[in-house]
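Chemist: First, the structure itself, so that you have it in front of you.
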Amino acid sequence: MSDLRLMWRNTRMVVLCAISAALYAAVLVPFKVVPLIPGVTELRPANAIPVVCSFLFGPAAAWGSAIGNMIGDFFGGVSPGDIFGFFANLAYGWIPYKVWELIGRGQSPISRSPLGILKYVIACLAASVLCADLVGWADNVLVIRPFAMLGNVIIFNNMVSALVLSPFILAAVYPRVKKGRMLYTDVMPEVKLKPVGIRAFGFALLIAGEGGAWIFGNLLSTGYWAPKFIPAWMNVAPYDKPVAIIVGPFILLAFAGLFMM
Amino acid sequence: MPIYLYIDRGTFVHRLHPTVKVFALFVMFWSVYWVDNPIALAPVGLVMLWIAQLTDSWPNFYRLRWLFAILVFTTTIAWMVFYRRGAVLVNVPIFHVSRLSLVFGVGRGIKLAELLAASVLFLSTTKIEEFTYGLQRIRVPYRVGFAISLSFRLVPLFIDSAVTIVDAQRLRGYDFNEGGPIERVRRYVPVVIPVFMGALRKANNMAMALEARGFGFSHEPTTFIDYPVTPADITAFAFLIGLGALYFMLYWTGLGGIGPLK
């Protein structure tokens with residue numbers, strides 16, 4: 001958590017944050033490739049930017065992802081759900097490098113070994129799922145759209161960009177940024193990592209929280225599971241109250257794990 | 001390529017204090033949030049139409065006309081799948097077509113369209129400087145506000161360079177629309193890399209220029225822009241409080257609900 005706060009003291013990181021945000025918005029606004037749900041979301045190459053920036057600029061990319069998404073929303077209309085979209089995108093830009101710091105063990109994110117690819121997929125999936133959970137949960141609780149509709153589309157959308165686009169961009173950009181000493185570890189060497197045990201426990205909480213949120217979010221919002229301990233009058237469409245009560249704590253758990261990493 | 005929605009007209013809405021505009025956006029969201037019934041949503045919709053006429057924001061609404069239509073349509077359809085309540089009118093696989101699901105779906109669609117309309121009005125009448133000033137007034141730290149305003153400034157530059165690269169690649173015969181959805185995403189690699197590298201080249205110089213100008217020396221830097229509070233701001237504020245209160249009362253009395261459920 002301290003990295004997200006400390007980066008604001010470093011002018012270079014503030015600039016990298018603005019550049020990450022502007023890049024995200026600049027690719028987000030004009031290039032919307034294939035509509036997935038018309039008017040709601042589309043397959044967009046821009047979703048590759050936060051992942052790439054995360055590996056390069058760390059916490060600056062996390063804030064950049066949040067701000068970039070906010071700018072994108074400003075060009076297409078904002079809603080109350082976008083407040084949660086801000087934090088969901090913060091997590092989307094924050095998780096990849098935090099997870100990589102733990103499971104990467106000093107390996108470069110552009111490594112092409114099977115284990116390296118698996119670790120990369122885990123880092124991207126962890127980021128995509130929490131982003132989707134938070135947006136899906138918020139939209140369902142505000143009765144804007146059901147969790148099952150938005151949550152799954154966001155995971156698919158983010159993963160397509162992270163797996164199809166990001167590796168190519170990273171392979172081209174990472175060596176140059178590293179040579180130019182612009183990686184977040186070079187720009188902000190003062191940030192110290194927590195002990196591995198705490199970070200590993202945080203990672204376990206993150207996975208348990210976001211996995212639980214995703215499973216229960218889908219079951220509840222589609223009406224497949226009606227928990228007995230929730231009053232019957234709450235267990236009716238649009239299932240905003242069960243989703244708020246049951247999925248909310250899992251999301252909090254995931255964020256608690258993320259803060260520990 | 002025009003990306004900003006701001007339309008410079010100098011109407012009284014344009015001249016309102018930035019904090020009042022941010023508050024107006026909040027009140028519109030608040031009002032729309034509390035009611036479900038399409039009829040109850042009509043008054044706030046009429047207020048927005050009146051403001052659109054007053055501020056001459058129609059070009060932006062015209063620009064986004066398809067988004068409005070698609071938003072209402074897809075939201076109605078989506079809730080007919082997930083809102084499975086009320087007696088079925090027509091048997092359609094997957095969908096639950098009942099009076100209740102239709103009213104609920106259309107209500108949600110109109111609600112989302114009104115949220116979009118509120119943000120279009122806000123962006124049509126508010127400059128970026130006013131928005132960042134509003135953020136500072138609500139105690140967002142200066143450096144965060146600065147990063148947001150710098151990002152807004154950089155977006156058109158990066159979009160221009162991205163569009164130039166797309167045009168250059170098209171001239172060479174590169175087809176961005178070739179292949180399936182995944183392939184079409186992958187085809188943007190030759191666009192994103194040059195934009196990325198161009199942006200990074202600017203980063204170092206930008207940081208040095210900022211520090212040379214004393215960036216970060218003070219937590220509360222001085223500003224040239226001053227926004228005095230006028231009687232129009234107070235009147236608008238009172239009107240917005242009334243509108244927000246009225247919509248909360250509609251919810252509280254059950255008049256904003258859909259039929260016997262509320």
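The values are calculated or read from the model by the stated rules, or taken from the named source; none is laboratory data. Here the structure is a predicted model, which means the values were calculated and not measured. As a convention, Cβ positions derive from the backbone with ideal geometry for all residues, glycine included, and neighbour counts pool all protein chains shown. Heavy atoms of the whole protein, side chains included, go into the accessibility calculation; ligands, DNA and RNA do not. Shrake-Rupley method; radii C 1.70, N 1.55, O 1.52, S 1.80 Å.
Chemist: Filter segment B:177-193 for residues that are of a type outside the set (Val, Ile, Thr) and at the interface with chain A (Cβ under 8 Å from one of its Cβ atoms); which is surrounded by the most Cβ atoms within 10 Å (Cβ to Cβ)?
Modeler: As a first pass, look at segment B:177-193 and keep what is of a type outside the set (Val, Ile, Thr): B:177-181, B:183-184, B:186-188, B:190.
Still in the list and also at the interface with chain A (Cβ under 8 Å from one of its Cβ atoms): B:181, B:184, B:186, B:188.
Details: B:PRO181: 15, B:ARG184: 18, B:ARG186: 17, B:TYR188: 27.
This residue is B:TYR188.
Chemist: Only one of these conditions is not met by B:ARG170: (1) farther than 30 Å from B:ARG85 by Cβ; (2) open to solvent by less than 70 Å² (accessible area, probe 1.4 Å); (3) within 14 Å of chain A (Cβ to nearest Cβ). Which number is it?
Modeler: (2)
Chemist: Name the residues in segment B:45-97 that are within 11 Å of chain A (Cβ to nearest Cβ) and outside any helix (DSSP H, G or I), would you?
Modeler: Within segment B:45-97, B:LEU64, B:TYR83, B:ARG84, B:ARG85, B:GLY86, B:HIS96 qualify.
Chemist: What pairs can you find where one residue is in segment B:179-190 and over 16 Å from B:ALA162 (Cβ atoms), the other is in a helix (DSSP H, G or I), and their Cβ atoms are less than 6 Å apart, with a gap of 6+ or different chains?
Modeler: Cβ pairs passing all conditions: B:ILE182/A:VAL164; B:ARG186/A:VAL164.
Chemist: Would a scan of segment B:51-65 turn up a residue that is surrounded by fewer than 21 Cβ atoms within 10 Å (Cβ to Cβ), of a type in the set (Val, Ile, Thr) and assigned by TED's automatic domain parsing to the domain that holds B:THR125?
Modeler: Yes.
Chemist: Failed condition for A:LEU142, given (1) within 23 Å of B:MET28 (Cβ to Cβ); (2) open to solvent by less than 20 Å² (accessible area, probe 1.4 Å), with all others met?
Modeler: The one condition A:LEU142 does not meet is (2).
Chemist: Among the aliphatic types (A, V, I, L, M), farther than 23 Å from A:MET70 by Cβ, open to solvent by 30 Å² or more (accessible area, probe 1.4 Å) and assigned by TED's automatic domain parsing to the domain that holds B:ILE234 - does that describe any residue in segment B:27-39?
Modeler: Checked against the condition, which is being among the aliphatic types (A, V, I, L, M), farther than 23 Å from A:MET70 by Cβ, open to solvent by 30 Å² or more (accessible area, probe 1.4 Å) and assigned by TED's automatic domain parsing to the domain that holds B:ILE234, segment B:27-39 yields at least one hit.
Chemist: Give me the pairs, please: first residue somewhere in segment A:227-240 and farther than 18 Å from A:PHE147 by Cα, second residue anywhere and surrounded by 15 or more Cβ atoms within 10 Å (Cβ to Cβ), beta-carbon distance under 6 Å, and either six or more positions apart or on two chains.
Modeler: If the second residue must be surrounded by 15 or more Cβ atoms within 10 Å (Cβ to Cβ), the pairs left are A:ILE230/A:PRO242.
Quick grid of which residues meet (1) at pLDDT below 85; (2) open to solvent by 10 Å² or more (accessible area, probe 1.4 Å); (3) out of contact with any strand residue (DSSP E or B) (no Cβ under 8 Å at 6 or more places or on another chain):
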residue: A:ARG5; (1), (2), (3): no, yes, yes
residue: A:ARG12; (1), (2), (3): no, yes, yes
residue: A:SER20; (1), (2), (3): no, no, yes
residue: A:LEU23; (1), (2), (3): no, no, yes
residue: A:LEU56; (1), (2), (3): no, no, yes
residue: A:SER79; (1), (2), (3): yes, yes, yes
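Chemist: Run down B:PHE224, B:PHE196, B:PHE215 and say which single residue is open to solvent by less than 40 Å² (accessible area, probe 1.4 Å), aromatic (Phe, Trp, Tyr) and not in a helix (DSSP H, G or I).
Modeler: B:PHE215
Chemist: In this structure, does A:ALA91 turn out to be within 13 Å of another protein chain (Cβ to nearest Cβ) and either more than 19 Å from the chain's Cα centre (by Cα) or at pLDDT 85 or above (or both)?
Modeler: Criteria not met by A:ALA91.
Chemist: Please work out if A:ILE155 is more than 10 Å from chain B (Cβ to nearest Cβ), part of a loop (DSSP other than H, G, I, E, B) and among the aliphatic types (A, V, I, L, M).
Modeler: Answer is no for this residue.
Chemist: Here's a follow-up. Cβ-Cβ under 9 Å, sequence separation 6+ or interchain: first residue in segment B:215-240 and under 20 Å from B:HIS17 (Cα atoms), partner aromatic (Phe, Trp, Tyr) and open to solvent by 100 Å² or more (accessible area, probe 1.4 Å). Which pairs?
Modeler: Qualifying pairs under 9 Å: B:LEU240/B:PHE26.
Chemist: Among the listed residues A:VAL191, A:VAL173, identify the single one that is more than 27 Å from A:LEU134 (Cα to Cα), touching a residue at least 12 places away in the same chain (Cβ under 8 Å) and open to solvent by less than 30 Å² (accessible area, probe 1.4 Å).
Modeler: Every option except A:VAL173 fails the conditions.
Chemist: I've got another one for you. With respect to B:VAL144, is the statement that it is at the interface with another protein chain (Cβ under 8 Å from one of its Cβ atoms), closer than 30 Å to B:THR223 by Cβ, surrounded by fewer than 23 Cβ atoms within 10 Å (Cβ to Cβ) and hydrophobic (A, V, I, L, M, F, W, C) true?
Modeler: Yes, satisfied.
Chemist: Can you say whether B:LEU100 is at negative phi, touching a residue at least 24 places away in the same chain (Cβ under 8 Å) and facing chain A (nearest Cβ under 8 Å), as far as the supplied structure shows?
Modeler: Here the answer is no, as B:LEU100 does not meet what is asked.
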